[in-house]
Amino acid sequence: MTFRRRVRTIYGKELVDLLRDRRTLIAMIVVPIFLYPVLMLGSLQAITVQTQALGQRAIIVAGLGGADGPQAASLAHLQHEYDRIRALEPSATPASKTPAASSEPAPGDAPAAAVEDSAASPPPLQLSWTPCASVEEIGQCVRDRSAHVGVVFEEALTFSPDRRNRIRILYDREEPRSATAHARLEDVIARVAARINDERREALRLPATYFDPFEVTATNLASPSSILGQILPLILVLMTITGAIYPAIDITAGERERGTLETILACPVPVIDLIVGKFLVVTTIAILGAALNLGSVCATVYFGGFNELIAVAGQGIPYGQLVLILLCLIPFAVLMSAIMMAVCSYARTFKEAQNYVTPVILAVLIPGGFAALPATELRGMMLVVPVGNMVLLTRELLIGAPVGTSELLTVLLSTTLYASAAVAVAAKVFGKESVVFADVESLRSTFDRRLIQPSPRPSLTMALVVTAVLFPAWFFLQSWLQSTRGAEDGLGALRRTFAAMPVMFVVVPALVAVYWKVDLRVAFGLGSARVGAWVGAVLLGMSSWIVARELVVFQHNWFGMSELAADSAAALERLLRDLSPVELVLMLGLIPAVCEEALFRGFLLGAMRSGVRKMTAIAASAAVFAVFHFILAKLPVTFLLGAMLGWVCWTTRSILPGVVVHFLHNSILTLSAAHREWFSFLPQPQEGAQDHLPAGVVLPAIAIFTAGCVLIGRSAPKATGGSAA
Amino acid sequence: MVVADNLVKSFPVAGGQKRAVDGLSFRVARGEIFGLLGPNGAGKTTTLRMLSGMILPTSGSARLAGYDVATQPFEVKRVLGFLTANTGLYLRLTPRELLQYFAELHGMDRPAARRRAEHLVNWLDMREFADLRCGSLSTGQRQRVNIGRVLVADPPVLVMDEPTLGLDVISNRLILDFIRRAGDEGKTILLSTHYLDEAELLCDRIGFLHHGRLIAEGTLEELQRRTGLSRLSAIFLKLAAEGAEATAPAGAVS
């Protein structure tokens, strides 16, 4: 039975098993289908109804004197005028009179309950009079909320052209009903004033422009920071996570609790097949959940008419990008499924797994919630913050904002890196004897140092987790170092960055290795190499920089170079000229050579020696090496350099020849950039920096490079079980 | 058929290693029912898990039907059926689906797995409930499904870890009948239990496990002769006391 067939069998069974579970169906189908309509339609309708109710409710007005006094009569006069205006509007429905304030019914009055307001016509107005003896008493009525507003007319209301009616309104801005009543009264007065102005202008036969010399139209082109547009991506991401939780618990802790785990382990099925089958099911359900959530969001927005609430004004949801959003959610679903499976594998019961999952969700909510804030943008550190980057990417795609290729790739690559580490952890945890048979203290046996068994080299899981943690940490540290005081000179930032490199790339993995009782000499591949390997390394280092330079020129000439990349390269060259040659060689030659070889070729590639094929291991470590450089334009050449260094390390079973290659490569390359005068055969800037080197330089370099490869290839240790990397 | 040679299994504990199984050696011939007896914590389950290829021995070796448990765990799993009283079923699958699933895991293609499941459904008289979900079955019906699962690949060796623990009388009888019938059919059976009367009833030979060590081994008659006692429980208590005097507990931290 092949791996694929076994995985397919396990996958099929687990999927059927889960889909027959009511709880999965509720979490995966019912919640997404009902959540968004309820959330969007329900809450918005509730707000609208409440606002309408507030607008249509009678305004309780506190005023001086009784309902038949002059102040009440002035208010009634105002309302009468307002009702007259409403009657003149084409779609207006006249308001009912207020029982106390209106002395005369307005023509065409209708019950307030029957009033259906429209956007074009002024809304109906109902007023209720509360008599007061003084202005202080009016203020007290408003404060104790027995009246919504207080109104004081200085004189009886009249619409004579030579009189200005002075009206004082008392209200409480903090009290919604009072604030609404105040706004309504202001609106009524403004409408009445505008109508009277129009009538007077028409009587004098003056044009409309007489009083209104401007007509301004402003169009807002910015993305609206609507609440729905901001929170929907977070909800989408959270629902993807939620989709993974239940199946992850059910097929790990649930399986153990039901007593079926031992049964399945007694079958002739490798644990890795089992974990792959189960993991694919969790991922499938998480992705299905994400797709259903996305579909539900879009259906609600489309059929509910909420386009303007979620996307860029006038554009609506970019439905064409939905597939892209879903594709972006796949690595995220993989990441969360693996995390959930790893966490739940430690649990002995369903309930225990739920307890373990809670802090994970909280940990996810922090970056997710931060990313959902309107001011947070998809750039800088946020590109590599797990969960946060996905919330932001989803938001940008959902509102149709432009997302650059490099941003998209950075988010996807970093998420893929985290997902790989999480999958490795999940596989390791699930297959662990002490975890499978929970009668041994499983969680302790992983983290309690006294229970950890010494091992010669780091496990793949350990290496991947360390690398995945270092990736954002190194990104944050670099950003922070470049933004702190003294960074303006550029040189200070560069020095601090390279000073931090040994701590991040060597000390951190070394501490992890020491804690888990890993042999440091083996972990970092510090074994000796044969003489031929050293000679070959020198030849490679002397020539690889020319090959790399030619590749870069080839890439630039064929695919172009962005202005930003060109500016960065020029700025770096200027910085390098300010360094002394010794400092330059130490800082850009030696430190990266030692640190990067230790981490990528020693720790990471060394961990892949057991269980991963040579080419896969070299390619994977080279990809991680390239991604760690954070520059998209350099990705191809750093990958190839990483692959070459990986091959050197794998062949010689030591990182030391690779350190020599890396050191010579970096040193000569940076010296040639900083001191062109020493390299007369290089094209000078005025001749064009993108020119190929003369064949008289390139061909010998290729010959030396080939000789170096041959020498290294012949220097492989004869014994396969050496002590080196 | 089953050979254990100086098997040791240690688990890490604070400050060192705890030996759950300490130098265990025994042999079980083809068609024999061998009872591994001992109190809780004697190392019975750990021994059976090692012999089933589920966990690796710390040292020593074991072979099952000629296959090494450490280096050929999948071959070992192909020739054994594993059953415990706590064995659960996939409650949302039907017995027919469950049997077919395990048949496929044992390497049968889908049509062959379907035929095998059908055969077991008929043979174990499960037609009445073969298409109901396991979650709705009675304990006795579930045990029958479990027996079907154990026999799905018709293995020559059966490993049973306390198969009657906590079962009611009817389910208990079902399991005991199954063991007897399997023994009659020539299957090699390794049975762990601390119900001594069951061992007396079923086993051809008996091994007493105490603190991870085999303190005695033989047929019931041999053990009776050696101790001068007739009841298995009395024999065990006497041997355990002698063993405790003779050796320090194997569970000591090394």
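The values are calculated or read from the model by the stated rules, or taken from the named source; none is laboratory data. Bear in mind the structure is a predicted one, so any value in this text is a computation, not a measurement. Glycine gets a Cβ as well: all are built from the backbone with ideal geometry, and neighbour counts include every protein chain shown.
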Item to check | Every residue from segment B:60-83 that is facing chain A (nearest Cβ under 9 Å) and in a strand (DSSP E or B) | outcome: B:Leu80, B:Gly81, B:Phe82, B:Leu83
Next on the checklist: Criterion first (in a helix (DSSP H, G or I), touching a residue at least 24 places away in the same chain (Cβ under 8 Å) and not basic (Lys, Arg)) does A:Leu362 satisfy it?
Outcome noted: no
Checklist entry - Quick check: is even one residue across segment B:6-18 part of a loop (DSSP other than H, G, I, E, B) and within 13 Å of another protein chain (Cβ to nearest Cβ)? => result yes
Checklist outcome for this item: Scanning segment A:1-11 for residues that are closer than 9 Å to B:Glu104 by Cβ and not aliphatic (A, V, I, L, M), the one nearest to the other protein chains (Cβ to nearest Cβ) turns out to be A:Thr9
Item to check | Test set (1) within 23 Å of B:Ala20 (Cβ to Cβ); (2) assigned to a strand (DSSP E or B) - B:Asn86 fails condition number | outcome: (2)
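Would it be correct to say that A:Leu632 is of a type in the set (A, V, I, L, M, F, W, C) and either modelled with pLDDT of 95 or more or surrounded by fewer than 22 Cβ atoms within 10 Å (Cβ to Cβ) (or both)? Don't jump to the end; show me each part of the working.
Values: of a type in the set (A, V, I, L, M, F, W, C): yes; either modelled with pLDDT of 95 or more or surrounded by fewer than 22 Cβ atoms within 10 Å (Cβ to Cβ) (or both): yes.
Yes.
Mind checking whether some residue in segment A:487-501 is touching a Cys at 6+ places or on another chain (Cβ under 8 Å) and within 30 Å of A:Ser580 (Cβ to Cβ)?
Yes, segment A:487-501 contains a residue that is touching a Cys at 6+ places or on another chain (Cβ under 8 Å) and within 30 Å of A:Ser580 (Cβ to Cβ).
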Checklist entry - Here are some conditions: (1) buried (at least 18 other Cβ atoms within 10 Å of the Cβ); (2) in a helix (DSSP H, G or I). A:Leu590 meets all but one. Which one does it not meet? => result (1)
Next on the checklist: Given the criterion touching a helix residue (DSSP H, G or I) at 6+ places or on another chain (Cβ under 9 Å) and of a type in the set (D, E, K, R), identify the matching residue among B:Arg213, B:Arg181.
Outcome noted: B:Arg213
Item to check | Selection count, segment B:117-146, where residues are buried (at least 22 other Cβ atoms within 10 Å of the Cβ) and within 14 Å of chain A (Cβ to nearest Cβ) | outcome: 4
Checklist entry - B:Leu56 is checked against (1) within 12 Å of chain A (Cβ to nearest Cβ); (2) part of a helix (DSSP H, G or I) and fails just one. What number does that condition carry? => result (2)
Item to check | Lone qualifier among B:Leu167, B:Leu229, B:Leu237, B:Leu214 - being among the aliphatic types (A, V, I, L, M) and part of a strand (DSSP E or B) | outcome: B:Leu214
Next on the checklist: Take the residues in segment B:170-188 that are among the charged types (D, E, K, R) and part of a helix (DSSP H, G or I); name whichever of them is farthest from B:Gly66 (Cα to Cα).
Outcome noted: B:Arg173
Checklist entry - Which is over 30 Å from B:Leu237 (Cα atoms) and touching a Ser or Thr at 6+ places or on another chain (Cβ under 8 Å), of B:Val21, B:Val2, B:Val28, B:Val76? => result B:Val76
Next on the checklist: Being modelled with pLDDT under 80 and either part of a helix (DSSP H, G or I) or in contact with a His (Cβ under 8 Å, 6 or more places away or on another chain) (or both) is the filter here; which residues of segment A:389-422 pass it?
Outcome noted: A:Leu398
Next on the checklist: Looking for something basic (Lys, Arg), in contact with a Pro (Cβ under 8 Å, 6 or more places away or on another chain) and farther than 23 Å from A:Phe475 by Cβ - is there at least one such residue anywhere in segment A:614-624?
Outcome noted: no
Item to check | Enumeration of residues in segment B:123-137 that are within 17 Å of B:Val150 (Cβ to Cβ) and assigned to a helix (DSSP H, G or I) | outcome: B:Trp123, B:Cys134
Checklist entry - Any residue in segment B:80-95 that is without any contact (Cβ under 8 Å) to a residue 12 or more places away in the chain and of a type in the set (Ser, Thr, Tyr)? => result no
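Test B:Pro39 against the criterion of being surrounded by fewer than 23 Cβ atoms within 10 Å (Cβ to Cβ), more than 9 Å from chain A (Cβ to nearest Cβ) and not charged (D, E, K, R), and give yes or no.
Against the criterion (surrounded by fewer than 23 Cβ atoms within 10 Å (Cβ to Cβ), more than 9 Å from chain A (Cβ to nearest Cβ) and not charged (D, E, K, R)), B:Pro39 qualifies.
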Checklist entry - Do we have any residue at all in segment B:74-89 that's under 21 Å from B:Ile189 (Cα atoms) and among the hydroxyl-bearing types (Ser, Thr, Tyr)? => result yes
Checklist entry - Does B:Asp177 satisfy the condition of being more than 17 Å from the chain's Cα centre (by Cα), modelled with pLDDT under 90 and more than 9 Å from chain A (Cβ to nearest Cβ)? => result no
Item to check | Count - residues of segment A:259-275 that are touching an Asp or Glu at 6+ places or on another chain (Cβ under 9 Å), modelled with pLDDT of 85 or more and more than 7 Å from chain B (Cβ to nearest Cβ) | outcome: 1
Next on the checklist: Among the numbered criteria (1) within 8 Å of chain A (Cβ to nearest Cβ); (2) touching a residue at least 12 places away in the same chain (Cβ under 8 Å); (3) crowded, with 18+ Cβ neighbours inside 10 Å, which one does B:Met50 miss?
Outcome noted: (1)
Next on the checklist: I'd like the residue in segment A:638-689 that is assigned to a loop (DSSP other than H, G, I, E, B) and touching a Ser or Thr at 6+ places or on another chain (Cβ under 9 Å) and, out of all such residues, is modelled with the lowest pLDDT.
Outcome noted: A:Leu682
